[in-house]
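The block underneath contains the structure these notes are about, expressed in structure tokens.
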């Protein structure tokens, strides 16, 4: 696993390193020892997988509030997504900034998203499967989010007029 820190503290793009032979490949998708080298204690307590059937669907921007804030490792197992992490930590020097990376079954990249960042993605192909490793259990009472199209954050999504859930349409604007 190669980890490259993004412009937001604690946010990493992980490049998978598949070991390929005539049978296929083997690739490490989680290594507590490697995460420890960057100072992160990450214990997986939950793993989730989503299937999004239609291209141009946005899921997000989601996060959990303290004391149930969570670290996430996100990987696209099938298809291609535009994955976005947004700093919503009010005391952070990068508050309001976002980073996006294309995750796909072909490029084998993953996104390590620390506590205090909102997360969402837009599907660039049909039938996208996304897997999440979580450091905290889901807590409906602590679940929160911000609008995917909030002008304050000015996230540049690659496709216009996406499909969204009613919940994602209803997140509040910051200002």
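Nothing in this text is a laboratory measurement; each read-out follows from the coordinates by a stated rule. Because the structure is a prediction, the values reported are computed rather than measured. Glycine also receives a Cβ, built like all others from the backbone with ideal geometry; neighbour counts cover every protein chain displayed.
Just the Cα atoms of the chain: what Rg and Dmax do they give in Å?
15.7, 55
Taking a label point 7 Å from the Cα of residue 20 along the Cα→Cβ vector, which residues of segment 80-116 have an amide N closer than 19 Å to it?
Counting only backbone N, you get 80, 103-110.
When a/c is below 1.5 the answer is rounded, else prolate if a/b is larger than b/c, else oblate, so apply that to segment 25-93 with a ≥ b ≥ c taken from the square roots of the Cα gyration tensor eigenvalues.
oblate
Using only helices, what value at 222 nm comes out for the chain when you add -39,500 (n - 2.57) per DSSP H run of length 4 or more and divide by the total residues, to the nearest 500 deg cm²/dmol?
Roughly -1500 deg cm²/dmol at 222 nm, from the helical runs in the chain.
With just the Cα atoms defining each centre, how far is segment 101-175 from segment 50-70? Give it in Å.
What the calculation gives is 5 Å, centre to centre.
Over segment 62-135, with a single point scatterer placed on each C-alpha, what log10 of the ratio I(q)/I(0) does the Debye formula yield at q = 0.11, 0.18, 0.20 1/Å?
-0.27, -0.68, -0.81
So how far apart, in nm, are the two label points at residue 167 and residue 106 if each is 7 Å from Cα heading toward Cβ?
Roughly 3.2 nm, to one decimal.
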